[in-house]
Amino acid sequence: MTDIAVPTTGTAFPDLDLIDARGESHPVSSVIAGRAAVVFFMRSHTCPVCHSHIRQLERLADRGRLAGAAAIVVTPGGASEAGAVARRTSLRVFASGEQHSSIGLGKFLFLQHSGTFVLDPTGGVISARTSALPTSSFSSREVQAALA
């Protein structure tokens, strides 16, 4: 078994193919479209803690505290999971299929890891926070500091 490293500060974020609620595929590069971005990877589409983080991210976006960065939510699964999350937020929502694990956000001891990545306009990672515990996978202060 090969360990897959989580993208870290100063590295390029992988150009994953994300799936929207209609089942259409979109590479990360086309989703961020040359803008900085905050990409939040959920533990599951039903995780209440993850939905709380989404609400925090949505408030930051609504209040203009993301410095023009795109706010993107990614859930494990496919189009139906993306649709279920999209119905609860105004943010752009996609599913990763099985790609969470390809960026080091796999399952360990039955816990799906989640995380937040702040990307520069070229897709470079300027902040990364991941955790097996969803309560530790998002920090609004950290996101704002990375975008400052």
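The values are calculated or read from the model by the stated rules, or taken from the named source; none is laboratory data. The structure displayed is predicted, hence computed values, not measured ones. Here the Cβ positions follow ideal geometry from the backbone for every residue, glycine too, while neighbour counts run over all protein chains shown. All accessible areas refer to the heavy atoms of the entire protein, side chains included, with ligands and DNA or RNA removed. Shrake-Rupley method; radii C 1.70, N 1.55, O 1.52, S 1.80 Å.
Here are the numbers for the structure shown:
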{"item": "For the chain: Kirkwood Rh in Å [reciprocal of mean 1/r, alpha carbons]", "result": "14.8"}
{"item": "Average accessible surface area per residue within the chain, 1.4 Å rolling probe, Å²", "result": "49"}
{"item": "The chain - mean residue ellipticity at 222 nm from DSSP helices (-39,500 (n - 2.57) per run, n ≥ 4, rounded to 500)", "result": "-7000 deg cm²/dmol"}
{"item": "Inter-label distance, nm, simple model (7 Å from Cα along the C-beta direction), Ser136/Arg22", "result": "4.0"}
{"item": "Inter-label distance for Ser52 and Lys107, nm, one decimal - labels placed 7 Å from Cα along Cα-to-Cβ", "result": "2.4"}
{"item": "Label point distance in nm, Ala148-Arg35, each placed 7 Å from Cα along Cα→Cβ", "result": "2.2"}
{"item": "Beta bridges by DSSP in the chain, antiparallel share as percent, to the nearest 5", "result": "70"}
{"item": "Gap separating the Cα centres of the stretch 106-125 and the stretch 27-95, nearest whole Å", "result": "12"}
{"item": "Cα-only radius of gyration and Dmax that characterise the stretch 24-74, units Å", "result": "11.7, 31"}
{"item": "Cα gyration tensor shape for the stretch 10-49, rounded if a/c is under 1.5, else prolate or oblate", "result": "oblate"}
{"item": "Which of Ala82, Thr9, Cys47, positive extreme of dipole for the chain (C-beta unit charges)", "result": "Cys47"}
